[in-house]
Amino acid sequence: MTLLLLLSQPNHIHKPPGPPLVQYRRLRKPYRLPVISAAVSGKQLILSGKVRAVEPKEVKAVVASEGYMLLDVRPVWEREKACVKGSLHVPLFVEDTDNGLITLLKKWIHLGYIGLWTGQRFTMFNDEFNLRVVEAVPDKESKVLVVCGEGLRSLMAVSKLYGEGYKSLGWLTGGFNRVTEGDFPEIEGTEELRFATIGGASYYLLKLLVLLQSLGQKSS
């Protein structure tokens, strides 16, 4: 009797996400839980061979000969430093512009622990990522090579695009950080492509290390 009363009462406290449950009038009918399909991770897609892993040295041939288009998913401030000419840009993360008290506190913590060292801003997922990619590349049979700075954000982007229906995806292993001069024919911007992700105090430390390395090579 208690179970019958509980099932008959509307739930005003919490409504779980996902598809609505089918309401049954009689208890003797089976009660089925909704099926929730988990997205396949980018790493799983790479390991299974469903997404192609492309080494930086292969990029030139893959783009020129095999018809892959380059999708840059880095945030705007990284792309402004350096980007591959002609590449498509749809950021996976965008700057969080909310100025609520909780968000401001998170931004302050982020600045102290991460922002000052890396130069990265406090971000959030771009809710329109899939939509913008579909607008730019409506043919889901198109070959798309997804790239970012280190290869982690592009893994997440690959997972989202595979779930969207794109089946001819590639992933640049290690991201632009592993790129050397000549891997891409034309670069735009004021920075080297492999250094575009680095900012803040770590940028100046990197420049110092590069300078010391160069001086060491000249003196040897």
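Structure summary
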quantity: Any pair with Cβ under 7 angstrom, 6 or more apart, that starts in the stretch 135-146 at a residue that is without any contact (Cβ under 8 Å) to a residue 60 or more places away in the chain and ends at one that is in a loop (DSSP other than H, G, I, E, B) and crowded, with 18+ Cβ neighbours inside 10 Å; calculated: Ala136/Val90; Lys140/Tyr166
quantity: Looking only at the stretch 152-185, and only at residues there that are part of a loop (DSSP other than H, G, I, E, B) and either farther than 14 Å from Val54 by Cα or of a type in the set (D, E, K, R) (or both), the one that is most open to solvent (accessible area, probe 1.4 Å); calculated: Glu181
quantity: Top-ranked residue of the stretch 186-201 - restricted to ones that are modelled with pLDDT of 75 or more and of a type in the set (A, V, I, L, M, F, W, C), ranked as nearest to Glu80 (Cα to Cα); calculated: Ala196
quantity: Gly67 vs. criteria exposed (fewer than 13 other Cβ atoms within 10 Å of the Cβ), modelled with pLDDT of 70 or more, closer than 26 Å to Gly163 by Cα and touching a Lys or Arg at 6+ places or on another chain (Cβ under 6 Å); calculated: yes
quantity: Test for Gly149: is it under 23 Å from Arg52 (Cα atoms), part of a loop (DSSP other than H, G, I, E, B) and either at pLDDT below 95 or open to solvent by 60 Å² or more (accessible area, probe 1.4 Å) (or both); calculated: yes
quantity: Residue within the stretch 125-135 that is assigned to a strand (DSSP E or B) and at pLDDT below 95 present; calculated: yes
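The values are calculated or read from the model by the stated rules, or taken from the named source; none is laboratory data. The structure presented is a predicted model; accordingly, all values stated were derived computationally and were not measured. Every residue, glycine among them, receives a Cβ derived from its backbone with ideal geometry; neighbour counts consider all protein chains shown. Just the protein is used for accessible areas: all its heavy atoms, side chains included, with ligands, DNA and RNA removed. Shrake-Rupley method; radii C 1.70, N 1.55, O 1.52, S 1.80 Å.
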